[in-house]
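Below is one structure, written out as structure tokens; comments come after it.
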Amino acid sequence: MPRDAPPVTAETLLMAYASGVFPMAETQHDPEIYWVDPERRGVLPLDGFRMSRSLAKTIRRGGFDVTLDEAFDGVLQGCSDRDETWINAPIAQLYRQLHRIGLAHSFEIWDGPDLVGGVYGVTLGSAFFGESMFSRMRDASKLALAWSVATLARDGYTLFDTQFLTDHLASLGAVEISRRSYHAQLRDALDRTAKLKRPLPGPDGVLALRSRDS
């Protein structure tokens, strides 16, 4: 964003998402915001989550808690608390604004009183734009992703946008599609309505993702 451009607002950000564009910064300390519309887009099909045996075992064993929107700032901080991150202060503030109006959400994983993992994203229509995730305990980010997929699928969402495809996301079922295909899926998702609901799915509801993928 040029230095003489008007400031980015929450409304601007929502318009960007609806157009298939998302924000990034070069580094955490770079105040500039850049807009990205990649030729190849990562998406996680909500009926294609890959759950390993070890993750299923962790879910069955339990010993952790999962919440929705109980620690959005904590998840945002966890995602930006790393050596290299695209989440600068202006972007973080925009996500906080979207959270306050109910359009940015976080799934949190707790080990007792400690926040050990999570994922956050933005919702529009039946689209969930997954922004980032973090983990301070083995499998914590995978647990957050599994619960988010199970919840989104249950609550009528049709698109989980991961922006880019990483090896980690590919191992969980994410795929890469063309920009044209992504924009078609986005238009369809924006024509639908969905809303995250409580209570969250229990372990059995999340474990059902494994049988769905098999």
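The values are calculated or read from the model by the stated rules, or taken from the named source; none is laboratory data. Treat the numbers as computed from the prediction; the structure is a model and nothing was measured. Every residue, glycine as well, gets a Cβ built from its backbone with ideal geometry; the counts of neighbours run over all protein chains shown.
Residues that are surrounded by fewer than 22 Cβ atoms within 10 Å (Cβ to Cβ), in contact (Cβ under 8 Å) with a residue 12 or more places away in the chain and of a type outside the set (A, V, I, L, M) within the stretch 139-172 comprise Asp139, Arg154, Asp155, Gly156, Thr158, Gln163, Phe164, Thr166, Ser171, listed in sequence order. Can you tell me which of Gly20, Gly62, Gly48 is in contact with a His (Cβ under 7 Å, 6 or more places away or on another chain) and within 27 Å of Lys197 (Cα to Cα)? Going through Gly20, Gly62, Gly48 in turn, the sole match is Gly20.
Of the strands (runs of 3 or more DSSP E) entirely within the stretch 101-175, those holding at least 1 residues that are in contact with a Gly (Cβ under 7 Å, 6 or more places away or on another chain) and charged (D, E, K, R) occupy 104-111, 127-135, 159-163. Just checking, does the stretch 192-214 include any residue being outside any loop (DSSP other than H, G, I, E, B) and among the polar types (S, T, N, Q)? Yes. On the stretch given as the stretch 21-48, residues that are touching a residue at least 60 places away in the same chain (Cβ under 8 Å) and in contact with a Phe, Trp or Tyr (Cβ under 9 Å, 6 or more places away or on another chain) total 17. Residues in the stretch 102-123 that are buried (at least 20 other Cβ atoms within 10 Å of the Cβ) and more than 12 Å from the chain's Cα centre (by Cα): Ile109, Leu115, Val116, Gly117.
Here the condition is being touching a strand residue (DSSP E or B) at 6+ places or on another chain (Cβ under 6 Å), free of Cβ contacts under 8 Å to residues at least 60 places away in the same chain and among the small types (Gly, Ala, Ser); of Gly74, Gly112, it holds for Gly74 alone. Among the residues of the stretch 63-98, count how many are assigned to a loop (DSSP other than H, G, I, E, B), at pLDDT 95 or above and either in contact with a Lys or Arg (Cβ under 7 Å, 6 or more places away or on another chain) or at negative phi (or both). Selection size over the stretch 63-98: 3. For the stretch 153-165, filtering for residues that are within 11 Å of the chain's Cα centre (by Cα) and more than 24 Å from Pro38 (Cα to Cα) leaves 0.
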